[in-house]
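Peer 1: Below is a structure I'd like to ask you about.
Values in this text are rule-based calculations from the coordinates and carry no lab data. Note that the coordinates shown come from a computational prediction; the quantities given were computed from them, not determined experimentally. Here the Cβ positions follow ideal geometry from the backbone for every residue, glycine too, while neighbour counts run over all protein chains shown.
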Amino acid sequence: MTPPAVEEVLESLYLHEVEGAALDASPAFGSAAKEAVQMGLLEQRGDALRLTECGQQAGQDVVRRHRLAERLLRDVLAAGGEYLEEDACSFEHVLQHGLSEKVCELLGHPQVCPHGKPIPPGPCCQRARADAIQEVRPLCDGRPGGQGAVAYLATRNSREVQKMMAMGILPGSNIQLIQCFPSYVFQVGYSQFAIDRALAEMVFVRWAPHPDPPRLPPE
């Protein structure tokens, strides 16, 4: 696991090289940068430090985690204010080992952070784009009896996200649509719930192929 101090260096250099941000000039930056050079993530070019190919990938991942953390804190946990950036800096180091993918899916693959800066896409975003031309459709477009797995939630409203999470509607959860009128009734696990169309439009499902009706033997 890359030490947090080294990740901060990689993040700073990535933002400097890609987005033109100013570099951190603190003493802690220098010592962590030396460690990053030893790890093969940075290289010295004259008086300047540059990200290696591995370092650029790692830096991009840190920026992605940071901006996803900002979205999670703002959209789901309703956090904000002057401490949003500081909290996101702490939280970005937690979103590792696939957890950032789950957060990205939960948030519906956001493209920008709360400040309007781009969130580098991850493998889950690429899969979502491929799914867009396959059988990923909102719950309201399903047929009674249809089954599948929740792909993502297409909402930024923290109350709506919390309400759906309380019902067990999370990316990867198995779901079955039972009826569409007068409300959308579905089953997740052993529990059944009813929601209106507005919420059903926000739950995107990776539908399993609908079984063909049984063929009758020829007379």
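Peer 1: For E17 and Q126, what does the FRET efficiency come to when R0 = 22 Å and r is the distance between their Cβ atoms, rounded to the nearest 0.05?
Peer 2: Working: r = 23 Å, r/R0 = 1.05.
In this case the efficiency is close to 0.45.
Peer 1: Using Cβ counts within 10 Å as a stand-in for footprinting exposure, how do L73, L23 rank, fewest first?
Peer 2: On the way: L73 20, L23 15.
Least to most surrounded, the residues fall as L23, L73.
Peer 1: For the pair E201 and M165, what calculated FRET efficiency results from E = 1/(1 + (r/R0)^6), where r is the Cβ-Cβ distance and R0 = 22 Å, to the nearest 0.05? Could you put the intermediate results ahead of the total?
Peer 2: Values: r = 17 Å, r/R0 = 0.78.
Once the sixth-power term is evaluated, E becomes 0.80.
Peer 1: Run the simple label-point estimate for Q111 and R143 please: 7 Å along Cα→C-beta, distance reported in nm.
Peer 2: 3.3
Peer 1: Roughly what would the spin-label model give for E35 and R156, points 7 Å off Cα along C-beta, in nm?
Peer 2: If labels sit at E35 and R156, their model points lie 3.5 nm apart.
Peer 1: Using the Cα centre of the chain as the reference point, and only Cβ charges (+1 on K/R, -1 on D/E), how large is the resulting charge dipole? Debye, rounded to the nearest 20.
Peer 2: Details: 20 positive and 28 negative charges, 156 e Å.
For the chain, the charge dipole is close to 740 debye.
Peer 1: Taking the simple approach of a point 7 Å from Cα along Cα-to-Cβ for both E43 and I178, what is their distance in nm?
Peer 2: 6.1
Peer 1: With +1 assigned to the C-beta of every Lys and Arg and -1 to the C-beta of every Asp and Glu, and no other charges, what is the dipole magnitude of region 1-129 about the Cα centre in debye, to the nearest 20?
Peer 2: On the way: 12 positive and 20 negative charges, 99 e Å.
With Lys and Arg at +1 and Asp and Glu at -1, about 480 debye.
Peer 1: Ok, one more. For the chain, modelled as a GNM with alpha-carbon contacts under 10 angstrom, which of Q38, Q187, Q162 fluctuates the most?
Peer 2: Its mean-square fluctuation being the largest, the pick is Q38.
Peer 1: Mind checking which of C54, C89, C124 has the largest fluctuation in a GNM of the chain, springs on alpha carbons under 10 Å?
Peer 2: Sorting by GNM fluctuation, first place goes to C54.
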